[in-house]
Every structure is written in C-alpha cells, then in structure tokens.
C-alpha cells in the first residue's frame, strides 16, 4: 500500500465512512482481559479506535498517513488513554509483547500479510488476539476481497456477523464516495463530472432524502 493513498480524504472519511454497531464492539471488548492493552492498526480517522477508548482501555492507534493522523488526533482529543503512533502495519514501532488485542478495522487488505503476521507475533502477548473487522455491503466487491485476504491471513478464526444498516444524507453519501481511495480529489479536472453522476444516482435511489445501505459488520479473530 502507498501511505499516501488517502491523502486529502481524511475529512470525507470521517464524515462518510460507516462506524461499527454496538453488538460488534461488545463482542470485541467482551474478549478483552481486565486492564487490556489494545493496538488498532491502520486506525484511520478512529472509527474503531474511539469505541475502544470509550471503554477506557489503553489503546495504541497506529496510522501511517499524516492527513488521517491529523483527523485521528481530532477524534481522540477527549481521551488520555490513547497514544497515536506514526507507524505502519509491518513496522508499528510498538514494544515486544506489549499488546493483549490487536485490531484492524477495514484495512487488512492493504497490508503485506507475511510481514504483518510477523509483526503481530512480535507485539502481541503470547495467547493474545488478532482481529480483523470489515463493513460489507451485500453484492459489493469488498466481500470477495475481504474473504480472500482473511483466508490468506488467518488459519482457523472465530467469526461473528452483525447487521450494520445505515441511512445516508446526500452530504454524507458524497463524503463516503469521495473517501474511496480511487475517487478523484476536488483539484482533479474530472471531479465535477463525477460529483454530477453521484448526485444523479442519489436522486434516483434515495427516498425522502435518505439513501439506505444494508451493510453487515464481520469480525475475524484468532489467538496468537
């Protein structure tokens, strides 16, 4: 992955990307020992990190992109129990065996899996957990990519799946689309044409100004 893939997209990412349902968060924290230390790798703008922080765990939020880290800092400003780290999945800079649970929210497909696996073994305490969490849209391309990635990374994971429906306003839907790594930035000559097409699709598919999306959240979890 190029570290710069999401440069210029952090604000849209924070506004438009889905979070994670309470049932999924409850499952994650339900597996945590008392006083657990989490590492959230590829933390992005903090969609998952903030939920872990709210449960008062110590959390290392590792994020390599400067724009995303800036937004992450804003998101996590109220929390003294989170340390934001400029690092990659393959080189987190975390101390050896310092983490009880390592999480990756909607990012595992970007990683060099062999190098990341070695880093997990280094930073996670013996018997600790590694989790990958994905938000998936039925019929969407991420279903295939996430399965291919998790099949390659995990050996025999525990899995859970939870409904995560969302309703988008036009503003949030445009932000969601603009947050995609392949979507042009506002400075791109083709940006206006793309925005017009997205607005037309929203007008076609929305009901009373809202666009419904029936996502599910899937968790993969394996012990190191």
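Search region 126-150 for residues that are modelled with pLDDT under 95 and pair each with any residue that is in a strand (DSSP E or B) and exposed (fewer than 15 other Cβ atoms within 10 Å of the Cβ) when their beta-carbon atoms are under 8 Å apart and the residues are at least 6 apart or on different chains.
Note: pairs meeting the criteria are 137/214; 138/214.
Any residue at all in region 152-161 that's surrounded by fewer than 13 Cβ atoms within 10 Å (Cβ to Cβ), in contact (Cβ under 8 Å) with a residue 24 or more places away in the chain and in contact with a helix residue (DSSP H, G or I) (Cβ under 7 Å, 6 or more places away or on another chain)?
yes
Do we have any residue at all in region 188-202 that's under 18 Å from residue 134 (Cβ atoms), surrounded by fewer than 16 Cβ atoms within 10 Å (Cβ to Cβ) and at pLDDT below 95? I'd like the intermediate steps shown before the answer.
Pass one, region 188-202, residues under 18 Å from residue 134 (Cβ atoms): none.
No; the residues of region 188-202 include none that is under 18 Å from residue 134 (Cβ atoms), surrounded by fewer than 16 Cβ atoms within 10 Å (Cβ to Cβ) and at pLDDT below 95.
From (1) under 24 Å from residue 8 (Cα atoms); (2) surrounded by 12 or more Cβ atoms within 10 Å (Cβ to Cβ); (3) under 17 Å from the mean Cα position of the chain (by Cα), pick out the condition that doesn't hold for residue 143.
Evaluating residue 143 over (1) under 24 Å from residue 8 (Cα atoms); (2) surrounded by 12 or more Cβ atoms within 10 Å (Cβ to Cβ); (3) under 17 Å from the mean Cα position of the chain (by Cα) leaves (1) as the failure.
Of these, 23, 32, 53, which one is touching a strand residue (DSSP E or B) at 6+ places or on another chain (Cβ under 9 Å), surrounded by fewer than 23 Cβ atoms within 10 Å (Cβ to Cβ) and part of a loop (DSSP other than H, G, I, E, B)? Before the answer, list the steps.
Details: 23 fails: part of a loop (DSSP other than H, G, I, E, B); 53 fails: part of a loop (DSSP other than H, G, I, E, B).
The match here is 32.
Given the condition surrounded by fewer than 22 Cβ atoms within 10 Å (Cβ to Cβ), closer than 22 Å to residue 86 by Cα, in contact (Cβ under 8 Å) with a residue 24 or more places away in the chain and in contact with a helix residue (DSSP H, G or I) (Cβ under 6 Å, 6 or more places away or on another chain), answer yes or no: does some residue in region 37-50 qualify?
The answer is yes, given that some residue of region 37-50 is surrounded by fewer than 22 Cβ atoms within 10 Å (Cβ to Cβ), closer than 22 Å to residue 86 by Cα, in contact (Cβ under 8 Å) with a residue 24 or more places away in the chain and in contact with a helix residue (DSSP H, G or I) (Cβ under 6 Å, 6 or more places away or on another chain).
For region 56-71: of the residues being crowded, with 20+ Cβ neighbours inside 10 Å and touching a residue at least 40 places away in the same chain (Cβ under 8 Å), which is farthest from residue 92 (Cα to Cα)?
So, considering only residues that are crowded, with 20+ Cβ neighbours inside 10 Å and touching a residue at least 40 places away in the same chain (Cβ under 8 Å), the one farthest from residue 92 (Cα to Cα) is 71.
The values are calculated or read from the model by the stated rules, or taken from the named source; none is laboratory data. Just so it is clear, the model here is predicted, and its values are computed rather than measured. Virtual Cβ from ideal backbone geometry, glycine too; neighbours counted across all protein chains shown.
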